[in-house]
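Following: one structure in structure tokens, then a few remarks.
The values are calculated or read from the model by the stated rules, or taken from the named source; none is laboratory data. What you see is a predicted model; the values in this text were computed from it and never measured. Quick reminder, even Gly has a Cβ in these numbers, built from the backbone with ideal geometry, and neighbours come from all protein chains shown. Protein only, heavy atoms only, side chains kept; ligands, DNA and RNA dropped before computing areas. Shrake-Rupley method; radii C 1.70, N 1.55, O 1.52, S 1.80 Å.
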Amino acid sequence: MIHDRTTSTRPPRVYLETYGCQMNVADSQTITAILRRAGYESVDRPDAADVILLNTCAIREHAEERVLGRLTALARIKQSRPGVKLGLLGCMAQHYRAALIEKAACLDVVAGPDAYRRLPEMLGEIGNAAFDPMIDVRLDRAETYADISPEFGGGVRAYVTAMRGCDKFCAFCVVPYVRGRERSIAPADLLREIRGLAARGVKEVVLLGQTVNAYRHNDTDFGALLKMIARIDGIERIRFTSPHPSDVSDSMIDAMATEPKVQPHLHLPIQSGSDRVLAAMERGYTVAQYLNLVERVRAAIPDVALSTDIIVGFHGETESDFDATANVMCAVGYDSSFMFKYSVREHTRAFKLGDSVPEEDKQRRLTALIALQEEMSLTRYRALIGRTFPVLVEGPARRGEGRLAGKTPQFKTAIFSGNSTVHIGDTVTMRVDSATGHSLLGTPIL
């Protein structure tokens, strides 16, 4: 066991705060498992911890400022208790390490996404390296953490990392630089982890990867993996995020179409509806190819729900390019969209291009697309009134006493009045009575 013992006989306590995407949440569960193996126990308040760790994201705009502000606040705990160790983990540690070490002198540990296995050792060596923080941001093409069972936090849904890294190198994206190249986890390791989750009552698993459908381990492709997982008793639903359009194969579509456990929801990021912008983004497909893919998916899976990611204001985007994006949104008819303003990221291929679209134009375009999607979502959700759906119950609804919430197969939020016969983890048939642009409201059919 490698850690500093305090004068107390209790185990050292660690507080872990997570920022960013679901991959980071899954990584935090792996970090917790690694530290627990080394004798640490988790606490839910930083002022109760001997070790405070931030697992960070470098993708979102203003991420660096947000984390620096949080480190400043946490440094006050370290000032009042000098023995507290403060660490920065994840994509931001990998991407901004030099700037952050200079601006946050309070840091004791800086570890990238492939260095979590060394955290107990690094924490144990603090104090033996003068005043310099312990740093490990090396990328490791062999590291998958496949032998570590993440510390699952409970619930009906669990997130399982199927692959790490990315080989796409889209012009706007830092992921390949902070998470390394693609490597897939062996099917045997994934099946072992998912069987363990099923034994703990998990009903739904979500496979994670930056381009999850690029998964390949020896002769097993992503479609074959989905069918393997579907054979696990106790797992009722299988989802995945985020796929890349270029990696949607016939095998994957067939698994979605023929395997009932693979849910009819597909997140299919388009990013832009302009061929010129897509080429500048180095996305690897044209609008025509993307629309053909949508047609193939809907022909095979008629009830599929589609969502997407869109970036407005990429370098050189004109009003005509923006109009093309709006037209594609209407042509596809997405159930939901995640939309963002472009912001320049250091070390990406697009960094040297600069940022040519004025902020006010970006905001105007983003506001217009959000309004368009809200209108489409409301129309699509209201079209479901009168239909029935199986809803996996996740817990109490956020609003409305006595109401329960869950997800339909299409990953739409469904809300209904609960009763003593319905429990978390049950699947209930619900008739849709009304709808907003974000949820379905209905009556359980018992």
Any pair with Cβ under 8 angstrom, 6 or more apart, that starts in segment 410-422 at a residue that is within 29 Å of H267 (Cβ to Cβ) and at pLDDT 95 or above and ends at one that is surrounded by fewer than 19 Cβ atoms within 10 Å (Cβ to Cβ) and acidic (D, E): Q410/D303
First in segment 426-446 and more than 18 Å from E236 (Cβ to Cβ), second anywhere and acidic (D, E), Cβ under 7 Å, 6 or more apart: G437/E374; L441/D433; G442/D433; T443/D433
Some residue of segment 48-58 being under 26 Å from the mean Cα position of the chain (by Cα), within 30 Å of D309 (Cβ to Cβ), in a helix (DSSP H, G or I) and touching a residue at least 12 places away in the same chain (Cβ under 8 Å): no
Selection count where residues are open to solvent by less than 30 Å² (accessible area, probe 1.4 Å) and over 30 Å from E394 (Cβ atoms), scope segment 135-172: 6
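To keep it simple, each residue is scored yes or no on (1) of a type in the set (G, A, S); (2) open to solvent by 50 Å² or more (accessible area, probe 1.4 Å); (3) farther than 19 Å from S337 by Cβ.
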| position | (1), (2), (3) |
| --- | --- |
| I238 | no, no, yes |
| V248 | no, no, no |
| H267 | no, no, no |
| I270 | no, no, no |
| A280 | yes, no, yes |
| R296 | no, yes, yes |
| S307 | yes, no, no |
| E317 | no, no, no |
| T325 | no, no, no |
Subset of segment 299-327 (residues that are within 23 Å of P358 (Cα to Cα), free of Cβ contacts under 8 Å to residues at least 60 places away in the same chain and not charged (D, E, K, R)): I310, V312, G313, H315, G316, T318, S320, F322, A324, T325, A326, N327
Per-region count, segment 34-54, residues of a type in the set (V, I, T) and within 17 Å of D108 (Cα to Cα): 2
Selected residue (criterion: most open to solvent (accessible area, probe 1.4 Å)) from residues of segment 203-228 that are within 30 Å of V428 (Cα to Cα) and over 20 Å from the mean Cα position of the chain (by Cα): K227
Any pair with Cβ under 8 angstrom, 6 or more apart, that starts in segment 282-298 at a residue that is farther than 17 Å from N327 by Cβ and without any contact (Cβ under 8 Å) to a residue 40 or more places away in the chain and ends at one that is open to solvent by less than 50 Å² (accessible area, probe 1.4 Å) and part of a loop (DSSP other than H, G, I, E, B): R298/V304
Qualifying residue in segment 126-136 (condition: in contact (Cβ under 8 Å) with a residue 24 or more places away in the chain, among the hydrophobic types (A, V, I, L, M, F, W, C) and in a strand (DSSP E or B)): yes
Any strands (runs of 3 or more DSSP E) falling wholly within segment 371-446 and containing at least 2 residues that are out of contact with any strand residue (DSSP E or B) (no Cβ under 7 Å at 6 or more places or on another chain) and over 13 Å from D335 (Cβ atoms): none
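Does A99 satisfy the criteria of being open to solvent by less than 40 Å² (accessible area, probe 1.4 Å), in a loop (DSSP other than H, G, I, E, B) and out of contact with any Pro (no Cβ under 6 Å at 6 or more places or on another chain)?
no
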Candidates G316, G284 - the one that is more than 24 Å from T436 (Cβ to Cβ), at pLDDT 95 or above and touching a Pro at 6+ places or on another chain (Cβ under 9 Å): G284
Criterion: open to solvent by 30 Å² or more (accessible area, probe 1.4 Å) and in contact (Cβ under 8 Å) with a residue 60 or more places away in the chain - qualifying residue of R349, R345: R349
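If you check D303 against the conditions, is it over 30 Å from M92 (Cβ atoms), buried (at least 18 other Cβ atoms within 10 Å of the Cβ) and not aliphatic (A, V, I, L, M)?
No, not satisfied.
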Criterion: of a type outside the set (D, E), at pLDDT below 95, crowded, with 18+ Cβ neighbours inside 10 Å and within 21 Å of L366 (Cβ to Cβ) - qualifying residue of S337, S242, S274: S242
Segment 149-203 - residue that is among the β-branched types (V, I, T) and in a helix (DSSP H, G or I) and, of those, modelled with the highest pLDDT: I194
